[in-house]
Amino acid sequence: MMYRIKQALQRFMMGRYGTDKLNMWILGGGLVLCLVSIFISNGYVDLALTAGSYGLMIWAIFRTFSRNTYKRYRENRRFLMLLDRIKDREHRYFDCPKCRQPVRVPRGKGKIMITCPKCKEKFQRKT
Ligand SMILES: [Zn+2]
C-alpha cells in the first residue's frame with residue numbers, strides 16, 4: 001500500500017520542478033507574514049498579512065508542481081544572483097544602460113566611468 005502511494009507520487013512528480021532555494025525563501029516569507037499577523041490587532045493589516053502569506057505559499061506550491069522547469073530554474077538563478085549582490089558589501093552592481101549586462105565595480109570609489117565589458121558602452125556612476 002505504502003509502496004503504491006509512493007509510486008503514484010513519483011509518477012505525479014515526474015517532469016515537475018520540485019523545490020529549490022527560492023521556494024524555501026518564499027515559504028519562509030509566508031511563514032513570517034503568518035506569524036506577524038498573529039500579533040497584529042488591526043483587522044485590515046491582519047487581513048493583508050494573512051492574504052500575503054497565503055499568496056506566497058500558493059506561489060511556492062505552484063512553483064514546486066510547475067512543469068515549466070526551465071523557467072523555474074531561471075527564476076531561482078536570478079534570485080541567487082540577487083542574493084549574492086545583497087551579500088557582497090565590497091562591490092556595487094550596475095546594469096549597462098545599453099545592453100543590460102550586469103557590471104560589478106568596487107564600492108566607495110566616488111564617481112567613476114564604467115566601461116561595459118560586453119558592448120564597450122561607457123557610463124558614469126557613483127559607487
Ligand atoms: Zn553593455
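The values are calculated or read from the model by the stated rules, or taken from the named source; none is laboratory data. Keep in mind that this is a model prediction, so the values were computed, not measured. All Cβ positions, glycine included, derive from the backbone under ideal geometry; neighbour counts span all protein chains shown. Note: accessible area is taken over every heavy atom of the protein model, side chains too, but ligands, DNA and RNA are not part of it. Shrake-Rupley method; radii C 1.70, N 1.55, O 1.52, S 1.80 Å.
Provide the packing ranking of 50-61, 74-85, 34-45, i.e. peptides ordered by the mean count of other C-beta atoms within 10 Å per residue, highest first.
Those peptides, ordered most packed to least, come out 50-61, 74-85, 34-45.
Rounded to the nearest whole Å², what accessible area per residue is found for region 38-127 with the 1.4 Å probe?
Result: 76 Å² per residue.
State the percentage of accessible surface on the chain attributable to carbon and sulfur atoms; use a 1.4 Å probe and exclude ligands, DNA and RNA.
In the chain, the share of accessible area belonging to carbon and sulfur is 62 percent.
Using a simple spin-label model with points 7 Å from Cα along the Cα→Cβ vector, what separation in nm is obtained for residue 3 and residue 25?
Going by the 7 Å Cα→Cβ label model, 4.2 nm.
Output the Kirkwood hydrodynamic radius of region 46-91, Cα pairs only, in Å rounded to one decimal.
With all distinct Cα pairs of region 46-91 included, I get 12.6 Å.
Based on the Cα coordinates of the chain, what is the per residue volume of their convex hull in Å³?
Roughly 186 Å³ of hull volume per residue.
Using the alpha-carbon atoms, what tilt in degrees (0 to 90, nearest 10) does helix 43-65 show relative to the longest principal axis of the chain?
90
What is the distance, in nm, between label points placed 7 Å from the Cα along the Cα-to-Cβ direction at residue 80 and at residue 40?
So the two model labels end up 3.3 nm from each other.
Give 87/109; 87/118; 21/71; 21/118; 87/126 a once-over and call out the pairs whose C-alpha atoms are over 21 Å from each other.
Beyond 21 Å between Cα atoms: 87/118; 21/118.
Quantify how much of the Cα-Cα distance distribution of region 74-121 extends past 12 Å, in percent.
66
Once Lys and Arg get +1 and Asp and Glu get -1 on their Cβ, which of 36, 47, 116 lies farthest toward the positive end of the dipole of the chain?
Working it through, the farthest residue towards the positive pole turns out to be 116.
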